[in-house]
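Each value in this text was obtained by applying a stated rule to the coordinates, not by laboratory testing. This one's a predicted model, so the numbers in the text were calculated from it and none came from an experiment. Reconstructed Cβ throughout: ideal geometry from the backbone, glycine too, with neighbour counts over all protein chains shown.
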Protein chains: 2
Amino acid sequence: MTTTPDAAPDAEILRLDRQICFSLHAASRAFNGVYRAILKDLGLTYPQYLVMLVLWEHGDLSVKTIGARLRLDSGTLSPLLKRLEALGFVERRRSAEDERSVTVHPTAAGTALRERAALVPRRIAAATGLSLEEIGDLQERLSMLTAKLDGADLDLDPLGSCADPED
Amino acid sequence: MTTTPDAAPDAEILRLDRQICFSLHAASRAFNGVYRAILKDLGLTYPQYLVMLVLWEHGDLSVKTIGARLRLDSGTLSPLLKRLEALGFVERRRSAEDERSVTVHPTAAGTALRERAALVPRRIAAATGLSLEEIGDLQERLSMLTAKLDGADLDLDPLGSCADPED
DNA sequence: AGCTATTGAGTTGTGCACAATTTAATTGTG
DNA sequence: CACAATTAAATTGTGCACAACTCAATAGCT
């Protein structure tokens, strides 16, 4: 009841957007919640677990490299890594060659954690009720979507050129 | 190289988990980023937009009802609604019948915002490069997944019964 | 009526995300 | 060599998510 002659009415489109927004938001939080519950045993949060995963996979890494892999900036990583250090799972050391860089490496406790973490994926799979294939499929879709979103030039349409095309 | 004889080795499973974790996390953040950029024009954050969407759709709602619809608790909503009120988009008023309840209703400015918000979904669709159908499909998958995750009894397996089935 | 239990918002504290800024180290260039 | 530009972390400030708790109002029960 706003304008819009032939196309879907605004109210309809906004309703759809609400569904999409909400689904994404809710799914993200639901996953976070499941990981939180499962990771509580390990004493890790979800982002901390992500950091440990890349460290287990690649060994010592600089803050910059971790950030590049997880697409997290220092504003997020610096305090997170301090907490991981306080928990005794990693150590941070200024690099000798380049004093700007900080190298993060897992401690013995951090490495030991990997054994227990091996159980996490199975529990996640059980919680989702999805097969590994289905999970892989979802993951692929999400990756493609993320790539598009990250690459999207939002300046295409600064709310002006696209403004009221039907008005 | 940890244990695991016939099944996928732990390292492999953890690598897969890293991919899934990361994809979800990254997708969620990428979407958030796109919405953030688009909503900046309206002066809203992504969760604030979600709240306005349900208010536009249903009119005045109690904090409790908004929370039920968006699955957000008062710890998140109370400060968020205060900010929306400070922005002049909603008003909060203690209900007369039940003094515990607070009713939130859009102001004139909040209602006016709806017109401008009508452009948001199209811009999102453009950024994703997906058709409305594809978006709908993704949304449906995510909703089902969320339902499963929210309903999942994580106590099934408190990291003990499932522990080292192959060890 | 009187008392307990429950309910709806709000508050507090922790952690993450992100923008913007700061600091120190390094690189590049004249 | 000196100086400007760049780079890597860290810091600051805002907002969201969630757990745990408080507080006042209501509902339910005897």
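Measuring from the axis that maps chain B onto chain A, the chain B residue with the nearest beta carbon and its rounded distance in angstrom come out as B:S28, 2.
Which net charge results when you count Lys and Arg as +1 and Asp and Glu as -1 among the other residues whose beta-carbon is under 15 Å from that of A:L145? Before the final figure, lay out the partial values.
Values: positive: A:R71, A:R141, A:K148, B:R29, B:R141; negative: A:D137, A:E140, A:D150, B:E133, B:E134, B:D137, B:E140.
Within the 15 Å Cβ shell, the charges total -2.
Quick check: the angle from helix B:74-86's long axis to the longest principal axis of chain B, C-alpha only, nearest 10 degrees? Taking Cα atoms only, the helix is inclined about 40 degrees.
This model, with +1 at the C-beta of Lys and Arg and -1 at the C-beta of Asp and Glu, gives the stretch A:44-109 a dipole about its Cα centre of some 180 debye. Relative to the other identical copies, A:E85 shows label-point distances of 4.2 nm, where the label point lies 7 Å from Cα along the Cβ direction and values run shortest first.
Seen through its C-alpha gyration tensor, with square-root eigenvalues sorted a ≥ b ≥ c, the stretch B:47-99 comes out rounded because a/c lies under 1.5. Averaged over the residues of peptide B:127-135, the number of Cβ atoms from other protein chains lying within 10 Å of each residue's Cβ is 4.
Placing unit charges on C-beta atoms (Lys and Arg positive, Asp and Glu negative, everything else neutral), compute the dipole magnitude of the stretch A:2-73 about its Cα centre in debye, rounded to 20.
On the way: 8 positive and 8 negative charges, 60 e Å.
Computed about the Cα centre, the dipole is about 280 debye.
Prolate is the label for the stretch A:1-87, because a/c, from the alpha-carbon gyration tensor with a ≥ b ≥ c as root eigenvalues, is 1.5 or above and a/b exceeds b/c.
Taking the Cα centre of the stretch B:8-123 as origin, work out the dipole magnitude from +1 charges on Lys and Arg Cβ and -1 charges on Asp and Glu Cβ, in debye rounded to 20.
Numbers: 18 positive and 13 negative charges, 71 e Å.
So the magnitude is around 340 debye.
Using a cutoff of 8 angstrom between alpha carbon atoms and counting only pairs six or more residues apart, the relative contact order for chain A works out to 19 percent.
Label points for B:K148 are taken 7 Å from Cα along Cα→Cβ. From this copy to the others they lie 2.3 nm apart, shortest first. For chain B, the mean residue ellipticity at 222 nm estimated from helices alone is -20000 deg cm²/dmol, where every DSSP H run of n ≥ 4 contributes -39500 (n - 2.57) and the total is divided by all residues, rounded to the nearest 500.
Under a 5 Å amide H cut-off, with hydrogens placed 1.01 Å from N, A:V102 pairs with A:V63, A:K64, A:S95 among residues at least 5 apart or on other chains.
The angle separating the long axis of helix A:132-151 from the principal Cα axis of greatest extent in chain A is about 70 degrees. Report, to the nearest 10°, how far helix A:108-117 tilts away from the longest principal axis of the Cα atoms in chain A, using its own Cα long axis and a range of 0 to 90°. That helix lies at roughly 50 degrees to the long axis.
Shown for A:D137: label points 7 Å from Cα along the beta-carbon vector, and their distances to the equivalent points in the other copies, 1.0 nm in ascending order. Each other residue within a Cβ distance under 11 Å of B:L70 adds +1 if Lys or Arg and -1 if Asp or Glu, for a net charge of +3.
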